[in-house]
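Student: Below are the C-alpha cells for one structure; questions will follow.
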Amino acid sequence: MKKALSKKPIGLPTRGKTASNRLRRVDNFILLYEPSLLTRTDGLFQRSMFVDLGYGFDARTTLESAERFRRVNPNLSILGVEIDKERVDAALPYADEITHFRLGGFNLPLQPTESVRLIRAFNVLRQYEERDFIPAYEQLAQYVLPGGLMIEGTSNPFGSIWVANLVRKTLESDSSLSGSQWKFEALVFSTNFRMGFDITDFQAVLPKNYIHHVIQGEPIYDFIEAWKRSAAEKSPAKVFGLKQWFAASVQSLASKGYDINLHKKFINKGWLIWNFGMRT
C-alpha cells in the first residue's frame, strides 16, 4: 500500500479544459451516496486522501472539491494529480498542509505514509484506447484502502450530464474484474435536466469500457434500449415536469428486471444508479 513518489508518471496529458463547478454533481453524489467514506478516521483512513486525478489546466476542480468535502471533514487531505508539469506549477500557490498538487499519472505520487480513500477520475480515460482501461484500473487499485472507492467517468463540458463507473476496493478473491482488486458496484447516470431529458444524450458520455459497446447483443445496448422504452411508456408524466418523467422512467426500468437503486434521494435529484452494471 505504501508507495514512494514515482519518477516518471504513467499516462498521457489530457486536453485539460474544465469549467467552474463542472464536477459539482459528482461530488454531491458522493456526499449523498457515502458521506461516511469522507469522515472515516479508523486505522489507515486517519491519514488517507481524496485524489482528484487529472484536474486540468488549473486547480479549480480540486479546490472546489476541497471546499465541499471539508464541510463534513475539515481535516481531509486532498491531492490534485496532473501529468503536465506546467499545470502542477500553476496550482502550487494554492497548496497548504492538507491540500497538495503533484506531478503524476496512474502511478499516483504518494508519500510512503499516504494512502487513498477516494479517487475521482473524470474525463481522463476517454482519450485512451479501450485496451488501456483495465491496466489503468489495476495501477490505481494498489493505492486505495480496502473499502475505498473510485468514481471514474465522463461528463459533458459543463457537467450537466455524466456517466461514471463506481468501483470499490476489495480483496482480490472477491473482485469482479479479473486480475484487479476492484469490485464494480454501479454504473451511475446523472443529469441536472438543463438539457432536457433525452436518454441518447448519455451515450456520448459513457465511460471507456462501455462507449464502444452500444451495439446489439451487448448489455449496455439492452439497458439503454429498455430505458428508452420505459421513457416512452411514461411520457405522459412529462406534463408534471422532467424530473417526474425521469423518475417514472427509472421506476419502469426497474420493473423490467434491472437492479436499480430506487431511493428517492437519488432519483429525485437526477441520478440513476444501475447496481453491478459492469460488463465483465
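No lab work stands behind these numbers, since they all come straight from the coordinates. What you are looking at is a predicted structure, and each value in this text was computed from that prediction instead of being measured. Glycine also receives a Cβ, built like all others from the backbone with ideal geometry; neighbour counts cover every protein chain displayed.
Student: So if we plug the beta-carbon distance of Lys238 and His212 into 1/(1 + (r/R0)^6) with R0 = 41 Å, what FRET efficiency do we get, rounded to 0.05?
Tutor: 0.85
Student: Residue by residue, what Karplus-based ³J(HN,Hα) values in Hz, rounded to whole numbers, does the range 253-263 have, using 6.51, -1.76 and 1.60 with θ = phi - 60° and x for Gly and Pro?
Tutor: 4, 4, 5, 8, x, 7, 7, 10, 6, 9, 4
Student: So, one more: Quick one: if you take sqrt(5λ) for each eigenvalue of the C-alpha gyration tensor of the range 105-144, what semi-axes come out, biggest first, whole angstrom?
Tutor: So the equivalent ellipsoid measures 21, 10, 8 Å along its semi-axes.
Student: I want the antiparallel fraction of DSSP beta bridges within the range 27-160, as a percent rounded to 5.
Tutor: Of those bridges, close to 5 percent are antiparallel.
Student: Beyond 21 Å, what share of the Cα-Cα pairs of the range 81-222 remains, rounded to the nearest whole percent? Walk me through the intermediate numbers first.
Tutor: Numbers: 5060 of 10011 pairs.
In whole percent, the long-distance tail amounts to 51.
Student: Counting only DSSP beta bridges with both residues in the range 83-181, tell me the antiparallel percent, nearest 5.
Tutor: If we restrict to bridges inside the range 83-181, about 55 percent are antiparallel.
Student: Projected area of the chain, taken from the Cα convex hull and averaged over every viewing direction, in nm²?
Tutor: Value for the chain: 14.3 nm².
Student: Oh, and also: Find how much the distance from Leu171 to Glu67 grows on full extension, using 0.36 nm per residue of separation minus their present alpha carbon separation; answer in nm with one decimal.
Tutor: Difference between extended and current length: 34.2 nm.
Student: If I model a spin label at Met195 and Arg24 as a point 7 Å from the Cα along the Cα→Cβ vector, what separation in nanometres do I get?
Tutor: 1.7 nm
Student: Using only the alpha-carbon atoms, how far is helix 60-69 inclined from the longest principal axis of the chain? Give it as 0 to 90 degrees, nearest 10.
Tutor: 80 degrees
Student: Something else about it: For the range 65-141, what is one quarter of the convex hull surface built on the Cα atoms, given in nm²?
Tutor: 5.9 nm²
Student: I would also like to ask the following. Based only on other Cβ atoms within 10 Å, what is the fewest-to-most ordering of Lys169, Lys234?
Tutor: Lys234, Lys169
Student: Magnitude of the Cβ-charge dipole of the range 32-145, K/R +1 and D/E -1, about the Cα centre, nearest 20 debye?
Tutor: 300 debye
Student: Give me Asp222, Asp96 sorted ascending by neighbouring Cβ count inside 10 Å, so fewest comes first.
Tutor: Lowest to highest Cβ neighbour count: Asp96, Asp222.
Student: Residues with amide H under 5 Å of Ser115's amide H, sequence separation 5 or more or different chain, H placed in the peptide plane at 1.01 Å from N; which?
Tutor: Long-range HN contacts for Ser115: Met49.
Student: Quick check on the chain: of the DSSP beta bridges with both residues there, what percent are antiparallel, nearest 5%?
Tutor: 50 percent
Student: In whole Hz, with x marking every Gly and Pro, tabulate ³J(HN,Hα) for the range 138-147 from phi via Karplus 6.51 cos²θ - 1.76 cosθ + 1.60, θ = phi - 60°.
Tutor: Result, rounded to whole Hz: 4, 4, 6, 4, 5, 9, 9, 5, x, x.
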